[in-house]
Amino acid sequence: MPELLAFSEKIEATAEARYLLQALICNRQKILATHFKVKSVSKLLYLTERLVRGASQELAEAGLLLVLSRSGKVGRPGLEYKASQHLRDLLAEPGQSANPYQELALRLFSEPDIYVECSQSEAGKREGKAVRKQIRKDGRPAAPGASGRLGVSTRVLLAALLTSADQFGVVTGMGEAQLRAMTGLNQVALKHQLRRLVSLGFIRVHVPGLSNGIFVGAKVSSIYYLNLSHPQLGDKRPRHIAWVLFNDELNGYERLTKGLSPEVEKALLALGPAVLNVLYHKLAGYASQLILDTWVKSDERQDDAFAPLVENIARELGQLKVGNPEWSQSNDYWAGMSKHFSQLALEWSQDLIRVLDTRVSLPRALIRPVPAQDRYGDERDFFLLLAIVPESQGVLP
């Protein structure tokens, strides 16, 4: 499997240059083994010559490609490129540990025929616009970004998220600054591409993070739930990811405040919907970890699994300091939140295990509850994200 070098911290480049670099690596034997011309590469990778020319020049300036000048004909000498020794050294370095979705990420750089969920012709008809042809005059597929195909920047961002996702396709702990560094997108472009991935169905749920103006001196990263069942990702492996809609006995606010005194409940609710939404999704992650350790790994006792989770919750919530005096006359209540969330995670995981044992005829599966974001607060609906693993494959890490 080709190395996934586009997101290396040792490379500073735009999204277009990163895309071309990884596409060249995916076609290493055909292209990087010798020198290449812009026109030939654009045909092979179904990219526009303008993109290949600009990205190649950028990679040359970064020391990843060498520029060769070919003269002898009338007019300006033609330019050719070849892999530099610096690039060869990077490719020779030991690769990082394999990501469960690295193969899907590499497809975004090697296959042009990855479309939006609905066909471009259908979208054009609905909007009353002229439909662009999917085939060029010479019979080749149109470039990425044309005729309903995913554009280069969109592919780079989606691939970056895939390489950072867990076994459920959930991305946590990745801040905006890290995403910008990995993709070469600026702040405006990154937000635009995230909205596009949501609208196209590649991101199932996006939970916006919190700035350090909410919790003093600490930022909370966004949470992304990738749609691994998207038809354009083409994941045909035996592991199956399923979304199942459930109805909870408690809504989001009730679950977060269960067992709290009226004063502490009022202070917690005063944090506002954005904060409560993030905390609710964090709680879902904690419950999921307990289910993994006590239901899927049935040989592990609940007490043994609960202690590490308590430490993890105390560490994460301990970094968050409530400092706005308008939220509460005293912020002492927050010191007890780690114990409160530990108990909530334990109760929720036990509730889900009872439901799954009695109502769902499925093999042991990794479970992650996903609050139904659009209905958060007033409704009691939530999704269960099931990662069903065949017995022969064992439990995912």
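Here, each number is a calculation from the coordinates, and none is a lab measurement. Being a predicted model, the structure only gives us computed values, none of them experimental. As a convention, Cβ positions derive from the backbone with ideal geometry for all residues, glycine included, and neighbour counts pool all protein chains shown.
In table form, for the structure just shown:
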{"quantity": "Distance between modelled label sites at Ser69 and Asn312, nm, 7 Å Cα→Cβ extension", "calculated": "5.8 nm"}
{"quantity": "Scattering curve values for segment 1-96, log₁₀ I(q)/I(0), Debye with Cα scatterers, q = 0.20 Å⁻¹", "calculated": "-0.97"}
{"quantity": "Estimated FRET transfer efficiency when R0 is 30 angstrom, pair Ser8-Val216 (beta carbons, to 0.05)", "calculated": "0.30"}
{"quantity": "Cα-based Kirkwood hydrodynamic radius, segment 152-226, one decimal, Å", "calculated": "12.6 Å"}
{"quantity": "Net lengthening on full extension, His86/Asp351 (0.36 nm per residue, minus Cα-Cα)", "calculated": "89.9 nm"}
{"quantity": "Cβ-based exposure ranking for Asp351, Asp357, Asp166, Asp113, in which fewest neighbours within 10 Å come first", "calculated": "Asp357, Asp113, Asp351, Asp166"}
{"quantity": "Virtual spin-label span in nm between Ser110 and His35, 7 Å along Cα→Cβ", "calculated": "2.8 nm"}
{"quantity": "Flagged links, alpha-carbon separation over 20 Å, of Lys10/Lys282; Lys191/Lys282; Lys43/Lys191; Lys10/Lys30; Lys266/Lys321", "calculated": "Lys10/Lys282; Lys191/Lys282; Lys43/Lys191; Lys10/Lys30"}
